[in-house]
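We did not get these values from a lab; they are worked out from the coordinates using the rules stated. What you are looking at is a predicted structure, and each value in this text was computed from that prediction instead of being measured. Don't worry about glycine lacking a Cβ; one is built from the backbone with ideal geometry, like all the others, and counts go over all protein chains shown.
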Amino acid sequence: MITGTVVRGLTVRSMEGTRATVNRVLRRLLCVVAAAGVMLTGTAGAALATPSPSSVEEQIDKQWNKLEPVIEQYNDVHNKLKANRAQVRAISKRLVPLELEVNMAMANVKGLAADAYKQGPPGALDAMILSGSPTGLTEKLTFLEQYARHQRAQIADVAKLRDRLATDKRNLDLLTESLAARDTELAKSRKTIEKKIKDLQKLRIRAYGESGAAPGKLRTGPCPVTYTNDKGGRAAKKACSLIGKPYVFGAEGPNSFDCSGLTKVAWGSVGVRLTHYTKVQWTEGRPVSRSELQPGDLVFYFGDLHHMAMYVGGNTVVHAPSSGDHVRMAPMERIGPIAGYRRPG
């Protein structure tokens, strides 16, 4: 009896100890699972978190400053290609009548030579009989010699001009072919650029919503801040009128613009022609200092001049910032390091 009781007691105590151990293990497992759940939830939350506007703008600025130099290079090559093709057409147009004139003149010379071969050169006696006197013969021979010399000179001048233009056209054709190859190369890279631009736009949408635009007004005050009725003031007013138009690289209106396209159109509205390329616009105006800035002056950014804006007064500019954005006003210093200022016209 005593032995059985002891055994039963040990058995009960063993079972209770086992249950306690199982409970401890279960509690630990629950804690581990709960901790893992917290970690998983935190990771998922971080993955789905919306990027802050400041981080988005920082990424966009970094990527855009790599893209915009390529875009401006495309503008440069494409403009040169268009100009060269126009020049080739102009030279070809001039060559056609010159070629015709030389061919007709040469045909006449060949005709005279053929007649001389068939009939033989006229003798002095025949010429004298026809003229009626030795004096008349001399005058006629002199006139014929001068006429022939004049004809030869005219043909030679036309032939020289034709040959010079033909040489220019050949050289221009070679340059145009080279530019066309570069233009094609840049056009191919345009797809890569556009993909990166779309990625930047997705970042904007995540930060700002479907509008893809930063909060705040595009027009931050009077534009121009101070208006003058000179060409610069009117150009600035034109730039201000384009606020809200979307940025599209390579565009110069009427419905979209890039940075140099905007300034080209604004100054073009007052009769001043600028090239659709930042680095060339830098050379098309005269330097001015910061203290001399007036509405309409051009402000250039970064060491390679890949971005530009138009000064509208009050330390404020109007510019076309980047894809997904719009023509807008901005504090002059906030865009980037300023390389210098130029005044067109």
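Annotations for the structure displayed:
- Scalar couplings 3J(HN,Hα) for region 268-278, obtained by applying the Karplus form with A = 6.51, B = -1.76, C = 1.60 to θ = phi - 60°, are x, 5, 10, x, 10, 8, 10, 8, 7, 6, 4 Hz; x denotes Gly and Pro.
- Shape category assigned to region 231-343 from the gyration tensor of Cα positions, a/c cut at 1.5: rounded
- Take the Cβ atoms of Asn315 and Arg206, set R0 to 35 Å, and the FRET efficiency comes out at 0.65.
- Within region 231-345, percent of DSSP bridges classed antiparallel, to nearest 5: 95
- Modelled spin-label separation between Val96 and Ala181, with each label point placed 7 Å from Cα along the Cα-to-Cβ direction: 3.0 nm.
- Between Glu333 and Val248, the simple spin-label model (points 7 angstrom out along Cα→Cβ) gives 3.6 nm.
- Filter on Lys62/Lys195; Lys93/Lys231; Lys66/Lys264; Lys202/Lys237 - keep pairs with C-alpha separation over 25 Å: Lys93/Lys231; Lys202/Lys237
- Protection proxy ranking, peptides 254-261, 84-91, 291-298, average beta carbon neighbours within 10 Å, highest first: 254-261, 291-298, 84-91
- Pairwise label distance in nanometres, Thr192 with Arg164, each label 7 Å out on the Cα-Cβ vector: 4.5
- Cleavage-rule hits (trypsin sites (Lys or Arg not before Pro)) in region 247-319: DSSP loop, at most 10 neighbouring Cβ within 10 angstrom: Arg273
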